Amino acid sequence: MSRLLVTGRQKLSGETYVQGAKNSALPILAATILSKGENVIYNCPQLSDVEASLGILRYLGCEVKRSNRTLLINANGVCRSEIPHELMRKTRSSIVFLGAVLARTGRAKLSFPGGCEIGPRPIDLHLKALRELGAVIKEKHGYLDCSAPNGLIGAKVTLSFPSVGATEDIMIAACLAKGTTTIINAAREPEICDLADYLNACGAKIYGAGEGVIVIDGCDNLEGAHHTIIPDRIVAATLMACAAATGSQITLKGIISSHLASIIPVFEDAGCKIRCREGSMKFSAPSRLSSMRTVRTMPYPGFPTDAQAPMLAAACTAEGTSVFVENIFENRYRHISELVRMGANVKTEGRVAVIEGVPSLYGASVEATDLRGAAALVVAALGADGSSDINGVEYLERGYESLEVTLSELGAEIKKI
Ligand code: UD1
């Protein structure tokens, strides 16, 4: 088990490139199994969650080669429809393989994903939608056994909540269905658009990605394509929070500022100066932040739940009271008890967290219990007096590519042991 040792209060400076988006890479990797021929995926982050998806692709019969952040995937040899539990449980987003395997092979047998660190992760919307496309799904002994005896058939699917994963699963499955599928109340996240761009480059006919209604005309087959993964907006928000907590000035390169449209005003309200130009952002924080007022997590284009933890950590030392309302996941405040151990003054009640800013936090030995919570502890430790010892680094590595190296290069005192 690795840990991070952080000595706080070092100013950050300089510039860094933001990695490719994990949440784009994972569904795109699953979608490669629909295609015949070679796929070349550029800017794919090197993360344990990505490795887990590559493990599933190899098991299903794909040829996978990696050269740094470029992946070559050929799915011509797909020969299995079953994904064993040991592979499924390595990443929470493996459920997106359901639609992909079913569309490619006409059958899919995979283990039911359980709950996780941030609360229950139901998949009822995925299952209801796939049934509407003609899938027969049996749930027993912790497994989902799905088949499409007459092939998948396009249908009108209405989501009761704009679930990111369900939208992706349906989009992928519908690409090879007979006829037209319409998704009503689809998720609008940039990662949905990235998946649609990849699939359309393979020959799919997806219209309206990024809007509330997506229309997919089914095709007989798809060809492999070259595709570059978009930058990770949550990693960008995390680096902004690191700079904000340390009163620093940094430049982020390779970003898409429109994807940060709900995040930038929160930092600006807290006194940060932000200038975006041609894929780069100059971010400058005051020596002490003002409060972030009220931040409510919402589906895109609202404020992302994944940015809640790192930004809440920065708010702990702001002047005044900030309020966060977590509307997406039930159990997404587990980092708060660790922040309190570092001197933060935060009270939670249900979905609401009230943060009374303190002048400074102090270093402590703390334990991460989920991916974004781990990022929050890094933000807090960077801004704290003294040294912190952060356990649970394996969570961080699911979504951040060598964050400690990026931060050291920007001037932080942080090392992994
Ligand atoms: C994706 C992201 C995750 C992000 C989340 C919300 C990936 C790999 N992960 O997760 O980082 O935090 O979007 O932006 O892209 N729900 C149901 N039934 C379902 C599906 C979801 O009730 O069948 C509920 C969930 O419990 C949750 C809400 O809908 O409360 C949002 O979930 P969803 O948008 O599906 O998130 P994920 O796709 O799992």
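Measuring with a 1.4 Å probe in the full set of protein chains, what accessible area per residue, in whole Å², belongs to segment 1-83? All intermediate terms of the calculation are to be shown ahead of the outcome.
Numbers: 3340 Å² over 83 residues.
With the other protein chains kept in place, segment 1-83 gives 40 Å² per residue.
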> Projected onto the charge dipole of segment 1-150 (+1 at Lys/Arg Cβ, -1 at Asp/Glu Cβ, origin at the Cα centre), which of V136, V78, C44 gives the Cα projection farthest towards the positive end?
Replying inline: C44
>> Tell me which of C242, C272, G151 sits at the most positive position along the dipole axis of the chain, charges placed on C-beta atoms (Lys, Arg +1; Asp, Glu -1).
In response: G151
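Mind putting a number on the dipole of the chain about its Cα centre? Charges go on the C-beta only, +1 for Lys and Arg and -1 for Asp and Glu, and I need it in Debye to the nearest 20. Can you show the working numbers first?
Numbers: 43 positive and 43 negative charges, 45 e Å.
The calculation lands at about 220 debye.
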>> So if I place +1 on the C-beta of Lys and Arg and -1 on the C-beta of Asp and Glu, and nothing else carries charge, what would the dipole magnitude of segment 259-379 be about its Cα centre? I want it in debye, nearest 20.
In response: 280 debye
> How do the peptides 275-282, 159-166, 136-143, 303-310 rank, highest first, by the average count of neighbouring beta carbon atoms within 10 Å per residue?
Replying inline: 303-310, 159-166, 275-282, 136-143
> What are the semi-axes of the equivalent ellipsoid for segment 285-411, taken as the square roots of 5 times the Cα gyration tensor eigenvalues, largest first, in whole Å?
Replying inline: 21, 18, 14
> From the backbone phi of segment 149-159, what are the Karplus-calculated ³J(HN,Hα) couplings (6.51 cos²θ - 1.76 cosθ + 1.60, θ = phi - 60°) in whole Hz, Gly and Pro given as x?
Replying inline: x, 10, x, 7, 10, x, 7, 8, 10, 10, 8
> Classify segment 103-247: rounded, prolate or oblate, from the alpha-carbon gyration tensor (a ≥ b ≥ c, eigenvalue square roots; a/c under 1.5 rounded; otherwise prolate if a/b is larger than b/c)?
Replying inline: oblate
> Distance from the Cα centre of segment 170-186 to that of segment 370-393, in angstrom?
Replying inline: 41 Å
> Gap in Å between the Cα centre of segment 302-363 and the Cα centre of segment 13-59?
Replying inline: 31 Å
> Using a Gaussian network model of the chain with C-alpha springs under 10 Å, which one of P231, P299, P359 is most mobile by mean-square fluctuation?
Replying inline: P359
> Can you list the residues, at least 5 places off or on another chain, whose amide H is less than 5 Å from the amide H of R293, using H built in the peptide plane?
Replying inline: V323
>> Restricted to Cα positions, what overall size does the chain have along the principal axes? Three whole-Å values, descending.
In response: 64, 43, 40
> Which angle between 0 and 90 degrees, to the nearest 10, do you get for helix 190-201 versus the longest principal axis of the chain when only C-alpha atoms count?
Replying inline: 30 degrees
> When the accessible area of segment 60-152 is computed with all protein chains present and a 1.4 Å probe, what percentage of it is carbon and sulfur?
Replying inline: 48 percent
>> Just to be sure I understand: of the beta bridges DSSP finds with both ends in segment 89-205, what percent are antiparallel, rounded to 5?
In response: 75 percent
> What residues have an amide H closer than 5 Å to that of G279, excluding those fewer than 5 places away on the same chain, when H is modeled at 1.01 Å from N in the peptide plane?
Replying inline: S257
> Restricting the count to DSSP beta bridges whose residues both fall in the chain, what percent are antiparallel, rounded to a multiple of 5?
Replying inline: 70 percent
>> Using the Cα centre of the chain as origin and beta-carbon charges of +1 (Lys, Arg) and -1 (Asp, Glu), tell me which of G386, S360, T181 is placed farthest towards the positive end of the dipole.
In response: T181
>> Taking 2.2 N^0.38 Å as the expected size of a compact globular protein, what ratio does the Cα radius of gyration of segment 215-360 give against it, to two decimals?
In response: 1.19
> Under the Karplus relation 6.51 cos²θ - 1.76 cosθ + 1.60, θ = phi - 60°, what is the ordered set of whole-Hz ³J(HN,Hα) values for segment 14-25, x standing for Gly and Pro?
Replying inline: x, 10, 8, 7, 8, 5, x, 7, 4, 6, 8, 4
> Around R188, which amide H atoms from residues at least 5 apart in sequence, or from another chain, sit under 5 Å from its own amide H, with H modelled in the peptide plane?
Replying inline: Y300
>> Just to be sure I understand: with springs between alpha-carbon atoms less than 10 Å apart, which residue in G302, G363, G350 has the highest mean-square fluctuation in the Gaussian network model of the chain?
In response: G350
>> Apply the Karplus curve 6.51 cos²θ - 1.76 cosθ + 1.60, θ = phi - 60°, to the phi angles in segment 398-406 and return the couplings in whole Hz, x for Gly and Pro.
In response: 6, x, 10, 8, 6, 4, 5, 6, 4
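The values are calculated or read from the model by the stated rules, or taken from the named source; none is laboratory data. In this text, all values refer to a predicted model and were calculated from it rather than measured experimentally. Neighbour counts run over all protein chains shown; Cβ positions are idealised from the backbone, glycine included. Note: areas computed on protein heavy atoms with side chains; ligands, DNA, RNA excluded. Shrake-Rupley method; radii C 1.70, N 1.55, O 1.52, S 1.80 Å.
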